[in-house]
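Engineer: Quick one: this structure, given as structure tokens, is what I'll be asking you about.
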Amino acid sequence: MTVVGPFGLSVRDQALETDVQAGLAAVEAGLLEATKSEVPFITEAAQHLVRAGGKRFRPLLVMLASRFGDPYAPGVVPSAVVVELTHLATLYHDDVMDEADVRRGVASANTRWGNSVAVLTGDFLFARASHILADLGPEAVRIQAEAFERLVTGQILETAGPRDGRDPVAHYLDVIAGKTGSLIAVSGRFGALMSGADESVVDILTQYGERLGTAFQLADDVLDIASDTHESGKTPGTDLREGIPTLPVLRLRESAARDGRAEDLELVRLLDGDLTDDARHAEVLTRLRVHPALEQARRDTVRYAEDARATLAPLPECFAKSALVELCDAVVHRAG
């Protein structure tokens with residue numbers, strides 16, 4: 001049994017382990033090549049987050065999904081580069097919107113160079129992803145365009161908030177299906193599609209990616225409250241400080257509205273105050289870490305990961321399927 005990837009994924013087949021590692025190495029080289037510019041400053045800014053590392057969760061999913069066809073097909077690695085470049089570009093933009101100071105354990109691009117450079121660098125990465133995508137054919141371009149539309153729609157829905165009368169939790173789940181699930185679904189879809197897998201397999205791995213992507217984001221929500229900087233690569237409570245309504249907070253508000261317990265109502269009042277104040281922020285973070293709402297968010301994460309696992313049932317038994325199943329466990333473990 002060999003451990004590969006940032007999740008400690010156990011691969012029980014030497015050939016699969018070797019191929020996945022080789023594929024991820026090729027993706028890494030592709031990312032560095034795609035972020036080069038004739039202007040040295042652009043190269044530095046574009047490679048800032050590439051060189052900071054990261055989970056490479058989406059490329060890993062592309063590699064595993066490609067095992068249901070020809071994993072050596074020429075479009076597999078470039079498609080993995082496309083989804084990771086797209087993801088990286090959204091991080092540059094997210095950090096500007098969230099005014100984040102830290103990303104992947106290093107200073108965010110907006111902190112280092114300012115908001116304008118961070119936004120334009122994200123645009124540069126989108127452009128490079130589109131350039132690679134053009135060589136993968138019109139269907140790949142359409143798939144990516146649809147996913148990008150969903151991603152942006154999710155971000156807009158988050159910014160706008162739920163309509164009057166809409167359940168905030170249901171609204172939030174729609175938001176993350178767009179913001180996170182869409183691109184992870186594309187990772188599963190591209191891996192299967194580029195490898196020439198059967199259409200039914202492509203559909204299964206797309207659905208799997210969508211559900212796993214939701215679980216992945218919910219795990220991040222839990223980590224934002226429960227982890228330290230070393231674990232998450234960003235400052236704990238960043239979403240909390242910026243007033244982003246992640247699932248633990250929504251579950252707290254739901255509980256306070258339903259049960260009216262004094263301690264819950266007090267915590268909601270603190271949340272509605274100025275969380276740029278370090279003392280208030282620290283108090284809210286401490287209290288949320290022991291609140292049942294955090295455990296409820298963990299259970300929600302497990303539910304979506306189990307749904308992703310169930311989606312895989314029709315696939316033939318193989319080492320790649322076992323790895324995809326274990327990936328569900330790895331995502332849940334992050335929120336444990």
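Engineer: What number of residues within region 148-203 are among the β-branched types (V, I, T) and over 23 Å from A297 (Cβ atoms)?
Structural biologist: 6
Engineer: Restricting to region 131-160, and then to whatever is open to solvent by less than 70 Å² (accessible area, probe 1.4 Å) and polar (S, T, N, Q), can you tell me which residue is nearest to the chain's Cα centre (by Cα)?
Structural biologist: Q155
Yes/no per residue for (1) modelled with pLDDT of 95 or more; (2) more than 11 Å from the chain's Cα centre (by Cα); (3) open to solvent by less than 10 Å² (accessible area, probe 1.4 Å):
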| position | (1), (2), (3) |
| --- | --- |
| G188 | yes, yes, yes |
| G191 | yes, yes, yes |
| E199 | yes, yes, no |
| L205 | yes, yes, yes |
| R211 | yes, yes, no |
| L223 | no, yes, no |
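Engineer: Still on this structure: Within the bounds of region 74-96, is there any residue that is without any contact (Cβ under 8 Å) to a residue 40 or more places away in the chain and at positive phi?
Structural biologist: The answer is no, given that none of the residues of region 74-96 is without any contact (Cβ under 8 Å) to a residue 40 or more places away in the chain and at positive phi.
Engineer: Among (1) open to solvent by less than 80 Å² (accessible area, probe 1.4 Å); (2) out of contact with any helix residue (DSSP H, G or I) (no Cβ under 6 Å at 6 or more places or on another chain); (3) assigned to a loop (DSSP other than H, G, I, E, B); (4) modelled with pLDDT under 95, there is one condition A313 misses while meeting the rest; what is its number?
Structural biologist: Result: A313 passes all but (4).
Engineer: Next up: Do we have any residue at all in region 270-289 that's in contact with a Pro (Cβ under 9 Å, 6 or more places away or on another chain), of a type in the set (A, V, I, L, M, F, W, C) and surrounded by fewer than 21 Cβ atoms within 10 Å (Cβ to Cβ)?
Structural biologist: Within region 270-289 (the criterion being in contact with a Pro (Cβ under 9 Å, 6 or more places away or on another chain), of a type in the set (A, V, I, L, M, F, W, C) and surrounded by fewer than 21 Cβ atoms within 10 Å (Cβ to Cβ)), the answer is yes, since at least one residue qualifies.
Engineer: Within region 300-323, can one find any residue that is farther than 29 Å from E199 by Cα, among the charged types (D, E, K, R) and in contact (Cβ under 8 Å) with a residue 24 or more places away in the chain?
Structural biologist: Yes, region 300-323 contains at least one residue that is farther than 29 Å from E199 by Cα, among the charged types (D, E, K, R) and in contact (Cβ under 8 Å) with a residue 24 or more places away in the chain.
Engineer: Moving on. Among all residue pairs at least 6 apart or on different chains, which show Cβ distances below 8 Å where the first residue, located in region 129-140, is farther than 16 Å from S187 by Cβ and without any contact (Cβ under 8 Å) to a residue 24 or more places away in the chain and the second is open to solvent by less than 20 Å² (accessible area, probe 1.4 Å) and among the acidic types (D, E)?
Structural biologist: Hits for this filter: zero, empty list.
Engineer: Also, quick follow-up: Cβ-Cβ below 8 Å, separation at least six or inter-chain, first residue in region 247-260 and over 24 Å from A215 (Cα atoms), second of a type in the set (A, V, I, L, M) and surrounded by fewer than 23 Cβ atoms within 10 Å (Cβ to Cβ): which pairs?
Structural biologist: Short answer, once both residue conditions are applied: A256/L265; A256/L267; A256/V268.
The values are calculated or read from the model by the stated rules, or taken from the named source; none is laboratory data. All values derive from a computational prediction rather than experimental measurement. Heads up, the Cβs are rebuilt from the backbone with ideal geometry, glycines too, and the neighbour counts pull from every protein chain shown. Remember, those area values only see protein heavy atoms, side chains included, never the ligands or the DNA or RNA. Shrake-Rupley method; radii C 1.70, N 1.55, O 1.52, S 1.80 Å.
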